[in-house]
Amino acid sequence: MTKILKQGKSKKESIQEDAKVSEAVSSMIKRIEENGDSAVRALSEEFDQWSPESFLLSKEEIEEIVSSIDERTIEDIKFAQKQVRGFAEEQLKSMKDIEVETLPGVILGHRNIPVNSVGCYVPGGRYPMVASAHMSVLTAKTAGVKRVIACTPPNKGEIPKETIAAMHLAGADKIYLLGGVQAMAAMAIGTETIEPVDMLVGPGNAFVAEAKRQLFGRVGIDLFAGPTEILVIADETADGEMVACDILGQAEHGPTSPGALITTSEKLAEDTLKEIERQLETLPTREVARQAWEENGTILLVENEEEAVKEADLLAYEHVEVLTKDPDYFLNNMTNYGALFLGPETNVAYGDKVIGTNHTLPTKGAAHYTGGLWVGKFLKTCTYQKVTKEASAEIGEYAARLCQIENFAGHAEQALLRVKRYGKAAVQ
């Protein structure tokens, strides 16, 4: 039986906070719908104190930014992008166009067609998320998207040079120094100077995530994403230092980031609590990490691996680290997670920054029904059909009867017309 050793905020509290964000975002989107560029500029001035002559960076500006970055950093970015591109290319190979003859004269197929245009959001603020450029822009380009634009906010009035470089090296067609709800709405709705896109992708704070939710429908999105989450599943073979380190490593993202431990070892749970307090004394980002842990941290004590799987699937967290004697048990039995990190040799930071898997993943329980961003998200699997005259006459008889069962007279007539045109009576 599961025992709760520590629990974070209630669902009711989270819902109340979400409602406030939703109302604010709705108002901002309406302003941009009504006033276009002027509303975008006003919001940028209000939230980022940023109002350049143009939010779009010119080719010359981008080249100057890239050339100002030290060679080691550029090499590191290129290394990470090589890993992301390589894995995305392998995933793309699994997406096959097909064409089959299901009955004599009935040919069905599908084609995987890239979305025409994508807007990528790369977060900034407290942490300029360089890696998000690889995960969004680069993956979209690997999928074959023709037009990819990217937005990132200024950092306290400064240009986030490394992020711009990563966007450029990833293949962004246009780069805008613009953040927040105003960036998401401008890309989705379009303004006098920004052509709208077909799809929005990328992580962001609560306001950016809510903007994406509200804009879904007029554009596609990768997935609904909230604050980053980490779950560590551990047994007696793990140690508190590593568990605490990996939970706090995600807690530093923001004060609303949940961190959880599911363990079969009460001693490990106690050691982890002590280690978290010890590490918070020296962690440079301790202020944010402490609030996240105190308000959103959870520890569950379970009896065995089977119960651990059950609880983990109920949580359906974004990142799941498995520090047990048999990590593959969870690979083979868990069904609800964004990404698994199996064994102590790997960790969430690898997936977030460099190893090659995509770091834009489902949160807030969305792993119950979707995986994360990948090359396939940028492809539309579109079906087609071709039928010979003889097959049309045969299929038409079935179709007409099935349409009549549903009282769709017009549908039935479509089928009967083909029977009349192409059936044996017509041929005779």
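The values are calculated or read from the model by the stated rules, or taken from the named source; none is laboratory data. Computed from a prediction, not measured in an experiment: that's the story for all the values here. Neighbour counts are summed over all protein chains in view; Cβ atoms, including those assigned to glycine, are modelled from backbone coordinates with ideal geometry. Surface areas here come from the heavy atoms of the whole protein model, side chains and all, with no ligands, DNA or RNA. Shrake-Rupley method; radii C 1.70, N 1.55, O 1.52, S 1.80 Å.
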Quick check: the angle from helix 266-280's long axis to the longest principal axis of the chain, C-alpha only, nearest 10 degrees? 70
The Kirkwood hydrodynamic radius of the stretch 362-428, taken as the inverse of the mean 1/r over all distinct Cα pairs, in Å, comes to 15.1
Taking the Cα of ASP326, stepping 7 Å toward and past its beta carbon, and measuring to each backbone N in the stretch 285-310: which are under 11 Å? 305-306
Quantify how much of the Cα-Cα distance distribution of the stretch 291-411 extends past 23 Å, in percent. 53
Out of the stretch 287-316, which GluC sites (Glu not before Pro) are coil in DSSP terms and have no more than 10 other C-beta atoms within 10 Å? none
For the stretch 171-227, what value does the Rg/Rh ratio take when both radii are computed over Cα atoms and Rh is the Kirkwood radius, given to two decimals? 0.93
Note the listed values (i) 21.7; (ii) 27.5; (iii) 26.5, then indicate which one is mean projected area of the Cα convex hull in nm² calculated from this particular structure. (iii)
Share of antiparallel DSSP beta bridges in the chain, in percent to the nearest 5? 35
Rounded to the nearest 20 debye, dipole of the stretch 326-418 from Cβ charges on Lys, Arg, Asp, Glu: 380
Packing rank of 201-208, 227-234, 43-50, where each peptide gets the mean count of other beta carbons within 10 Å, highest leading: 227-234, 201-208, 43-50
Set the bar at 27 Å for Cα to Cα. Now go through LYS82/LYS146; LYS161/LYS274; LYS82/LYS380 and name every pair that lies beyond it. LYS161/LYS274
Simple spin-label estimate for GLN49 and PHE224 in nanometres, 7 Å along Cα-Cβ: 3.5
Neighbourhood net charge (12 Å Cβ-Cβ; Lys/Arg +1, Asp/Glu -1) for THR388: 0
Charge dipole magnitude, Cβ of K and R +1, D and E -1 - the chain, Cα centre, debye nearest 20: 2060
Along the charge dipole of the chain, which of TRP374, ALA133, PRO255 sits closest to the positive end, that is, farthest toward it, with unit charges on the beta carbon of Lys, Arg, Asp and Glu (+1, +1, -1, -1)? TRP374
Name the residues of the stretch 290-308 whose amide N is less than 11 Å from a point 7 angstrom out from the Cα of LYS267 along the C-beta direction? none
Quick one: how many Å² of ASP326 are accessible to a 1.4 Å probe, rounded to 10? 70
I want to verify a result. In a Gaussian network model of the chain, Cα cutoff 10 Å, which of these has the top mean-square fluctuation: ALA412, ALA312, ALA366? ALA412
Helix 286-296: angle to the longest alpha-carbon principal axis of the chain, degrees 0 to 90, nearest 10? 60
TYR398, TYR422, ranked by accessible area, largest first (probe 1.4 Å): TYR398, TYR422
Run the accessible area of the chain with a 1.4 Å probe and give the carbon-and-sulfur part as a rounded percent. 52
Per residue, in Å², the accessible surface of the chain once ligands and nucleic acids are set aside, probe 1.4 Å: 51
Pick out, in residue order, every one of the trypsin sites (Lys or Arg not before Pro) in the stretch 148-200 that is DSSP loop and has at most 14 other C-beta atoms within 10 Å; say none if there are none. LYS156
What is the projected area of the convex hull of the Cα atoms of the stretch 161-318, averaged over all directions, in nm²? 11.6
Cβ-placed point charges (K, R +1; D, E -1), dipole of the stretch 200-269 about Cα centre in debye, nearest 20: 600
Computed over the stretch 101-185, the relative contact order (Cα-Cα under 8 Å, seq sep at least six) in percent reads 31
ILE355/SER38 FRET efficiency (R0 45 Å; Cβ-Cβ; nearest 0.05): 0.55
List every residue whose amide H lies under 5 Å from the amide H of ILE262, counting only residues 5 or more places away in sequence or on a different chain, with H placed 1.01 Å from N in the peptide plane. VAL232, ILE233, ALA234, LEU300
Which Cα, out of MET95, ALA269, MET1, lies furthest along the positive dipole direction of the chain (beta carbon charges, K/R +1, D/E -1)? MET95
